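Engineer: Quick one: this structure, given as structure tokens, is what I'll be asking you about.
The values are calculated or read from the model by the stated rules, or taken from the named source; none is laboratory data. Quick caveat, the model's predicted, so the values are computed rather than measured. Ideal geometry is used to build each Cβ from the backbone, glycine not excepted, and the neighbour counts take in all protein chains shown. SASA here: full protein model, heavy atoms, side chains in, ligands and nucleic acids out. Shrake-Rupley method; radii C 1.70, N 1.55, O 1.52, S 1.80 Å.
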Amino acid sequence: MGKILVTGACGQIGSELVIKLIELHGSDQVVASDIKRPCEIFKNRVTFHYLDVLDSAELKKMVAEEEIDTIFHMAAILSAVGEKNPQWAYQVNMQGLINVLETARLLGVNKVITPSSIAAFGPDAPKDGTPDDTPLNPTTMYGVTKVAGEKLLQYYFLKYGVDGRSLRYPGIISSETAPGGGTTDYAVDLYVHAVLQKPYVCYIDKDTPLPFMYMPDAIKAILQLAEAPAEALSRRVYNVNALSLTPAQIVAAIRKFYPNFSVEYQPDYRQQIAESWPHSLNDDFARRDWGWQPDFDLDRMSQDMLEKLKIRYGK
Ligand code: AKB
């Protein structure tokens with residue numbers, strides 16, 4: 001069996017995915033790559049390649065030399081940063097993905113798993129229980145690249161038989177690696193500020209609902225999808241749902257532990273992005289095809305998050 005590559009391995013999800021893959025398959029089976037230097041969380045535990053996914057020659061060389069068999073392609077520019085520089089987001093997200101798919105096609109890589117997002121939906125999609133198949137008219141460049149990426153995955157499967165799989169992640173709440181450049185980052189910031197006992201100015205209005213998921217569930221989902229037998233899959237891209245939360249609901253959960261936590265709301269350009277996304281998704285296909293089910297509700301997640309952050313920040 002070949003090895004597993006994680007691109008964007010220093011990112012919020014990539015870093016925890018690498019740790020889980022080491023646990024499951026052993027250090028010598030996992031290869032990490034990023035344009036950043038290895039992050040503390042997996043430093044010295046796996047082979048690390050300093051690699052830009054835009055460098056397709058280098059990517060192919062590395063995949064061939066390391067005998068990679070599965071790629072988790074996690075490198076991407078997220079929504080908020082993407083709106084500041086849409087052309088760059090397009091370049092990284094689209095060229096990066098096609099480079100990975102081409103590498104998979106030419107070198108016979110077994111599977112490519114890459115996340116899509118709730119950002120694939122736009123304001124005309126139903127807000128609650130958004131189905132998998134519904135209008136996809138995103139209003140961010142990030143969303144545009146996610147929709148195009150989903151279609152590209154589908155194309156490579158139909159035309160070349162590349163086994164590409166994707167799931168539409170909501171905002172991910174995690175304690176180990178900070179998210180970077182997303183609209184949903186405030187959720188993590190809220191927990192971090194509470195533990196550091198600092199007031200927080202939230203850039204999303206307190207009553208705006210968005211879909212969220214705790215990191216252990218996000219890792220469980222992507223691994224379940226990756227490991228699902230090919231014949232169980234009725235589609236390439238799956239909605240996954242866990243929590244639907246407003247900032248005020250997250251703050252109320254945090255205040256059970258930090259009653260004096262102070263938050264002010266000053267919506268900025270990210271409010272409009274948040275309002276263009278669903279409140280919750282229908283994930284019946286993921287539940288039926290590969291047994292998806294989240295483990296964490298808001299209270300369980302909040303308790304776990306706060307405990308982990310207290311240790312990280314020595315509080
Ligand atoms: C973002 O906010 O851009 C991401 C996402 C929802 O895909 N967290």
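Engineer: Please give the solvent-accessible surface of Glu307 in Å², to the nearest 10, using a probe radius of 1.4 Å with every protein chain present.
Structural biologist: Counting only protein heavy atoms, the figure is 90 Å².
Engineer: Count the net charge of all other residues whose Cβ sits under 15 Å from the Cβ of Glu231, scoring Lys and Arg as +1 and Asp and Glu as -1.
Structural biologist: Working: positive: Lys111, Arg165, Arg235, Arg236, Arg288; negative: Asp163, Glu227, Asp289.
So the environment of Glu231 carries a net charge of +2.
Engineer: Past the 24 Å Cα-Cα mark, which pairs from Lys43/Lys256; Lys3/Lys36; Lys220/Lys315; Lys84/Lys111? Let's see the in-between values first.
Structural biologist: On the way: Lys43/Lys256 35 Å; Lys3/Lys36 21 Å; Lys220/Lys315 29 Å; Lys84/Lys111 33 Å.
Cα-Cα > 24 Å for Lys43/Lys256; Lys220/Lys315; Lys84/Lys111; rest within.
Engineer: A follow-up question, please. For the chain, with all protein chains present and a 1.4 Å probe, just round the carbon and sulfur fraction of the accessible area to a whole percent. Kindly include the intermediate steps, with their values, before the conclusion.
Structural biologist: Details: 6480 of 13220 Å².
Using a 1.4 Å probe with all protein chains present, the chain comes out at 49 percent carbon and sulfur.
Engineer: Ok, one more. Nothing charged except the Cβ atoms of Lys and Arg (+1) and of Asp and Glu (-1): what's the magnitude of the dipole of the chain about its Cα centre? Round to the nearest 20 debye. Walk me through the numbers on the way to the answer.
Structural biologist: Details: 32 positive and 39 negative charges, 73 e Å.
Result for the chain is approximately 340 debye, rounded to the nearest 20.
Engineer: Looking at the square roots a ≥ b ≥ c of the eigenvalues of the Cα gyration tensor of segment 86-158, which shape do they give, rounded for a/c under 1.5, prolate if a/b is larger than b/c, or oblate?
Structural biologist: The shape class here is oblate.
Engineer: What nm distance separates the two modelled labels at Asp268 and Leu196, each placed 7 Å from Cα along Cα→Cβ?
Structural biologist: 1.5
Engineer: What cysteines in the chain have no other cysteine with a beta carbon less than 4.7 Å from their beta carbon?
Structural biologist: Lacking a cysteine Cβ partner under 4.7 Å: Cys202.
Engineer: Counting only DSSP beta bridges with both residues in the chain, tell me the antiparallel percent, nearest 5. Numbers along the way, then the final one.
Structural biologist: On the way: 3 of 33 bridges.
Counting DSSP beta bridges with both partners in the chain, the antiparallel share is about 10 percent.
Engineer: Continuing with the same structure: Express in whole angstrom the spacing between the alpha-carbon centres of segment 188-213 and segment 41-60.
Structural biologist: 32
Engineer: Oh, and also: Test of understanding: in a Gaussian network model of the chain with alpha carbons linked when under 10 Å, which of Tyr155, Tyr186, Tyr203 would top the mean-square fluctuation ranking?
Structural biologist: Judging by the Gaussian network model, the answer is Tyr155.
Engineer: Bin by bin, in steps of 20 Å, what percent of the Cα pairs in the chain do you find, going until the bin that has the longest distance?
Structural biologist: The percentages, shortest bin first, are 34, 60, 7.
Engineer: In deg cm²/dmol, rounded to 500, what helix-only [θ] at 222 nm does the chain give when every DSSP H run of at least 4 residues adds -39500 (n - 2.57) and the total is split over its residues? Walk me through the numbers before you get to the answer.
Structural biologist: On the way: 12 runs with 129 residues, N = 315.
So the helix-based figure for the chain works out to -12500 deg cm²/dmol.
Engineer: Right, something else. Please give the net charge around Tyr186, taking every other residue with its beta carbon less than 15 angstrom from that of Tyr186, where Lys and Arg add +1 and Asp and Glu add -1. Please list the in-between numbers first.
Structural biologist: Values: positive: Lys198, Lys206, Arg270; negative: Asp185, Asp189, Asp205, Asp207, Glu264, Asp268, Glu275.
Result for the local shell: -4.
Engineer: Given the options Ile19, Ile173, Ile222, which has the most mean-square fluctuation in a GNM of the chain, springs set between C-alpha atoms less than 10 angstrom apart?
Structural biologist: Checking each option, the largest mean-square fluctuation is seen for Ile19.
Engineer: Taking only protein heavy atoms and a 1.4 Å probe, what accessible area per residue, in Å², does the chain have with all protein chains in place?
Structural biologist: Working: 13220 Å² over 315 residues.
Roughly 42 Å² per residue, with all protein chains present.
Engineer: Mind grabbing the accessible area of Met215 for me, 1.4 Å probe, Å², rounded to tens?
Structural biologist: Here the accessible area works out near 0 Å².
Engineer: Still on this structure: Go ahead and set up a Gaussian network model of the chain, Cα springs under 10 Å, then flag whichever of Ala89, Ala178, Ala232 fluctuates most.
Structural biologist: Highest fluctuation of the listed residues: Ala232.
Engineer: Find out how many positive minus negative residues lie around Phe72, taking Lys and Arg as positive, Asp and Glu as negative, among other residues whose Cβ is under 15 Å from that of Phe72. Could you put the intermediate results ahead of the total?
Structural biologist: Working: positive: Lys3, Lys20, Lys111, Arg165, Lys220; negative: Glu16, Glu23, Asp34, Glu66, Asp69, Asp163, Glu227.
Result for the neighbourhood of Phe72: -2.
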